[in-house]
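The values are calculated or read from the model by the stated rules, or taken from the named source; none is laboratory data. Since the structure is predicted, the reported quantities are computational estimates derived from the model, not experimental observations. Every residue, glycine as well, gets a Cβ built from its backbone with ideal geometry; the counts of neighbours run over all protein chains shown. Please note that ligands, DNA and RNA were not included when accessible areas were found on the heavy atoms of the full protein model with its side chains. Shrake-Rupley method; radii C 1.70, N 1.55, O 1.52, S 1.80 Å.
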Amino acid sequence: MGKELATREAYGLALKDLGDRNKNVVVLDADLSKSTKTNVFAKAHPDRFFNVGIAEQNLMGVAAGLAAAGKIPFVSTFAMFATGRAFEQVRNSICYPELNVKIAATHAGLTVGEDGASHQSIEDIAIMRVLPNMTVIVPADATETKQAIDFAAEYKGPVYIRLGRSAVPNVFGEAYEFRIGKAALLTDGTDVTIIACGVMVAPARHAAEQLISQGISARVLDMASIKPIDKEAIIAAARDTGAIVTCEEHSIIGGLGSAVAEVLVENTPVPVERLGVMDTFGESGTPGDLLKKYNLTEEAIVAAAKKVVSRKPIK
Amino acid sequence: MSQKLTPQQLTELARRAKSIRGNIVRMVTEAKSGHPGGSLSAADILTVLYFAEMKVDPANPKDADRDRFVLSKGHAAPVLYATLAEKGYLPKEELLTLRKINSRLQGHPEMKKIPGVDMSTGSLGQGLSAANGMALAGKLDARDYRVYALLGDGELEEGQVWEAAMFAPHYKLDNLTAFVDFNGLQIDGPISEVMSPLPIPEKWQAFGWNVIVIDGHDYNAIYDAVQAAKNVKDKPTMIVAKTIKGKGVCQMENVAEWHGKAPTREECTTFLAELEAMDD
């Protein structure tokens, strides 16, 4: 815990560091390098940085070609454009041929803030998760971001990494080790499990602290690895605690909550409450005001946990 | 200083092209679907590339130094498969499995399945971007391979083509040579009527490409243009190849309907006899 850093800031630093170590890494951006922080890499490795201009479809295709020729391209733009504007290029030029492209998309979710709904990607987890061969990671803080970037560079195949604009508190200590397909246990508990990703992980942890004083013992899992998802951890959570709350800064349709529910319904059905954006577009506002208005807060998690506990069958 | 093909080479190319055309007709007939028109129009271009120009080795299809070919108009898969079979990448008998269940020969090319396919394509407008990436990687690694791409003229209606068109000259990708298979027809009719991409050479020139306009069925012209492109510095080359959709089969020539229709068995027999009677 401690200092606040946006995951996009951590990405820029991690990418520069990765570039120092791995000469095969190349970085592409679509005229947003100051915002996505690929400019940190560009400054250190100008010969391996390529701006494609405001042309996201070509961005994905060029990355595919670089990967086909043995490079490890990291491509960045806002999540809206990476997954929306260029969806079919990601599908047909990257995922179908299973090319080694890493899409690190920033400004995901409502916390883009003042730019408003046109720039707030609340669908990206859903539309990347549905693609065969795609790995989807939503880091919660700077430490996890760095580890996810290092993982992506080593892993062979397409990876989507969802990053945010706004500063988030550090959740993990230096000793943390991100593992693909594995949830990270932040707090253990017996009455309910809160499964969160991205910006919702820190509030989930605080919610668990609040719940203790109200007599509810909550387990908190960070599910950065959305695909592959940690089925064992979800099933164990259902068996051990009997109730699940999911929270994500994403549409309630198709994201983390859906992924968790899919595992539960086929294995260990238990009461679930899902917190997310309720099938609506966002709007302009500060990130904090938006999270409050759209019910993505510590208080909302506490309320959802109480509700889901009350839905547990009486033994 | 044009480097001409020898009479022996010309005879060889004509023989290869005839064989490729015959296999296009056979495989599409057997598949009962597919795209013969745009495959036949591009057959001479692929023949010259694979049998007179490209550094490729069927025994080593992933060689890092090989020349690359991206069939951006991926629906012309039959011409690519027939050419790869002619070159020795796959058995010719396998061509008759086109579009059938469990076949490697998907309706549109898939690079993971077939040796010699350098990029999976099929959704129009995406191939030139991938060719850009391959050419850029060649520059970064100081390898001297060249990258070739073939686009349809109707395909030029896709916006991504023009994003890619901006990129290649900007990064001075003179190791990239692309073709437009300018046969003038798309599924719904003449390109000038459906949504005109004309004038084509002027557009590429305006985007900063070295542009050469040729007869896309003249082996010497194709070969010369490819050689000329290799001598251009700091610019990619676009060879606008004027072609005839369905070239080689009278009934198919310049008929939009043959864009995506399979011949019947009877038609196939007639078409093959006509191809066989063609001069070498």
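Worth a mention:
- Across the range A:115-139, the qualifying residues are those that are touching a Pro at 6+ places or on another chain (Cβ under 9 Å) and part of a loop (DSSP other than H, G, I, E, B), and the one among them that is surrounded by the fewest Cβ atoms within 10 Å (Cβ to Cβ) is A:133.
- Taken over the range B:140-162, residues that are open to solvent by 30 Å² or more (accessible area, probe 1.4 Å) and either within 10 Å of chain A (Cβ to nearest Cβ) or of a type in the set (A, V, I, L, M) (or both) amount to 7.
- Close pairs from the range A:58-72: first at the interface with another protein chain (Cβ under 7 Å from one of its Cβ atoms) and open to solvent by 10 Å² or more (accessible area, probe 1.4 Å), partner among the β-branched types (Val, Ile, Thr) and assigned to a strand (DSSP E or B), Cβ under 6 Å, at least 6 apart: A:71/A:26
- Checking A:233, A:196 one by one, the residue that is closer than 20 Å to residue A:108 by Cβ and modelled with pLDDT of 95 or more is A:196 and no other.
- Test: residue in the range B:82-90 that is of a type outside the set (A, V, I, L, M), more than 15 Å from the chain's Cα centre (by Cα) and over 27 Å from residue B:234 (Cβ atoms): yes
- Any hit, the range B:89-98, residues being open to solvent by 40 Å² or more (accessible area, probe 1.4 Å), at pLDDT 95 or above and within 19 Å of residue B:122 (Cβ to Cβ): yes
Rundown of residues vs (1) touching a strand residue (DSSP E or B) at 6+ places or on another chain (Cβ under 9 Å); (2) of a type outside the set (D, E, K, R); (3) within 26 Å of residue B:108 (Cβ to Cβ), yes/no style:
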site: A:71; (1), (2), (3): yes, no, yes
site: A:74; (1), (2), (3): yes, yes, no
site: A:80; (1), (2), (3): yes, yes, no
site: A:89; (1), (2), (3): no, yes, yes
site: A:100; (1), (2), (3): yes, yes, yes
site: A:111; (1), (2), (3): yes, yes, no
site: A:117; (1), (2), (3): no, yes, no
site: A:131; (1), (2), (3): yes, yes, yes
site: A:135; (1), (2), (3): yes, yes, yes
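- Residue A:234 being in contact (Cβ under 8 Å) with a residue 40 or more places away in the chain, among the β-branched types (Val, Ile, Thr) and buried (at least 23 other Cβ atoms within 10 Å of the Cβ): yes
- In the range B:112-126, the residue that is farthest from the other protein chains (Cβ to nearest Cβ) out of those that are out of contact with any helix residue (DSSP H, G or I) (no Cβ under 6 Å at 6 or more places or on another chain) and surrounded by 20 or more Cβ atoms within 10 Å (Cβ to Cβ) is B:114.
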